[in-house]
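Computed from the coordinates by the stated procedures, all read-outs in this text should not be read as laboratory data. As the structure is a computational prediction, the values presented were derived from the model and not from experiment. Cβ sites come from the backbone with ideal geometry, for glycine too, and all protein chains shown count toward neighbours.
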Amino acid sequence: MLKNSYMSKFDLAGKTAIVTGGAGLLGKYFCYALADCGANVVIADINKQSAQLLAKELEIEKNIKSIGIYCDVASPDSVKGLIDMTVDSYGSIEILHNNASITATTSSDPAGFFASFEDYSLDVWREVMSVNLDGMFLMAQAVGKQMVKQGKGGSIIQTASIYGTMAPDQRIYEGSDYLGRRINTPVAYSTSKTAIVGLTKYLATYWADKNIRVNTLSPGGIENGQNDEFKLRYSARIPLGRMAEQDEMVGALLFLASDASSYMTGQNIVVDGGLSAW
């Protein structure tokens, strides 16, 4: 008779998790989920006020410890400050959700973010890479170094995208817009997400002997402000027949963050409604 309590593998009580981009579209759901499983949650975001407000909500509603901290993941000094404050506040870091990503709404050039490949600006390319890739590198490096120092292992989850492993179907963007702006999947976005998958595999084998597990979470298209034309065209490509809801990535995150995935590293969990199964 097996006597293990398998639900206990999802228990994160006593662990500290950092979520970058924690006050963003998906970040707040991830923060709530980690707190719901008992983790202390450090919400790192360029929007300090939103991060702090969310931290207060978590402390009140989930009865855990949480702080909201300004962090520009593309800045080594800002990342160092985040790690120092986290360790000073909680003593250790067991989980990193490397989740921050630049989007059209946070880009300094929203129109340029969606430019065609032929007209894509090197400045916009570098801006996207500075957050989506350099930021991932800096955060993984800083937290991984702390985890090695602690000697207890840990879990790092890096948010990529389905377009890190497959090309976008350009046909779905015909007549499509997002918050009133014509959209596509920009070359810089897709390329940066592909690089994240490669970084994950490298780090998974690099830190395997330290029991630091590194995995990727790749969401499919999530409904959030797209026009009906886009939603119809995108959903027609999905075996489940619809876009994802914002909380449907949470289960995969909790699995990767917890001991439920203790024998998994270097993997890419794709949550895409079956798109990549065609």
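From the C-alpha coordinates alone, can you work out the Kirkwood hydrodynamic radius of the chain, in Å? Walk me through the intermediate numbers first.
On the way: mean 1/r = 0.0523 Å⁻¹.
One over the average 1/r among Cα pairs gives 19.1 Å for the chain.
By a straight-distance test (C-alpha under 12 Å), which aspartates and glutamates pair with K65 as possible cross-link partners, with residues fewer than eight away in the same chain excluded?
Cross-link targets: D36, E57.
Given that compact globular proteins tend to follow 2.2 N^0.38 Å, what is the ratio of the alpha-carbon Rg of region 84-195 to that value?
Details: Rg = 17.1 Å, N = 112, 2.2 N^0.38 = 13.2 Å.
Relative to the rule-of-thumb radius for its length, region 84-195 sits at 1.29.
Based on the mean of other Cβ atoms within 10 Å per residue, sort peptides 75-84, 126-135, 256-265, 90-99 so the most packed one is first. All intermediate terms of the calculation are to be shown ahead of the outcome.
Working: 75-84: 16.0, 126-135: 20.1, 256-265: 17.8, 90-99: 22.8.
Per-residue Cβ counts within 10 Å, averaged per peptide and sorted highest first, yield 90-99, 126-135, 256-265, 75-84.
Sequence neighbours fewer than 8 away in the same chain don't count; with that in mind, list the lysines whose C-alpha is under 29 Å from K201.
K9, K15, K28, K80, K145, K149, K152, K193, K210
If every alpha-carbon in region 22-149 counts as one equal scatterer, what log10 I(q)/I(0) does Debye give at q = 0.10, 0.19, 0.23 1/Å?
The calculated log intensity ratios at q = 0.10, 0.19, 0.23 Å⁻¹ are -0.34, -1.04, -1.37.
Tell me the Rg and the Dmax, in Å, that the Cα atoms of region 122-278 produce.
In order Rg, Dmax, the Cα atoms of region 122-278 give 16.9, 53 Å.
Viscosity 1.306 mPa s, temperature 10 °C: what is the translational diffusion coefficient of region 1-83 from Stokes-Einstein with a Kirkwood Rh over Cα pairs, rounded to a whole number of µm²/s? Each step should come with its number before you reach the end.
Working: Rh = 13.1 Å.
My calculation gives 121 µm²/s for D.
How compact is region 139-186 by the rule of thumb for globular proteins, expressed as Cα Rg over 2.2 N^0.38 Å?
Numbers: Rg = 18.6 Å, N = 48, 2.2 N^0.38 = 9.6 Å.
Ratio of Cα Rg to 2.2 N^0.38 Å: 1.94.
Calculate the tail of P(r) for region 211-278: the fraction of all Cα-Cα distances greater than 19 Å, expressed in %.
Numbers: 941 of 2278 pairs.
That fraction is 41 percent.
Taking every pair of alpha-carbon atoms in region 175-217, what share in percent sits in each 10 Å bin, from 0 to the bin with the longest distance?
Distribution as computed: 25, 31, 23, 14, 8, 0 percent.
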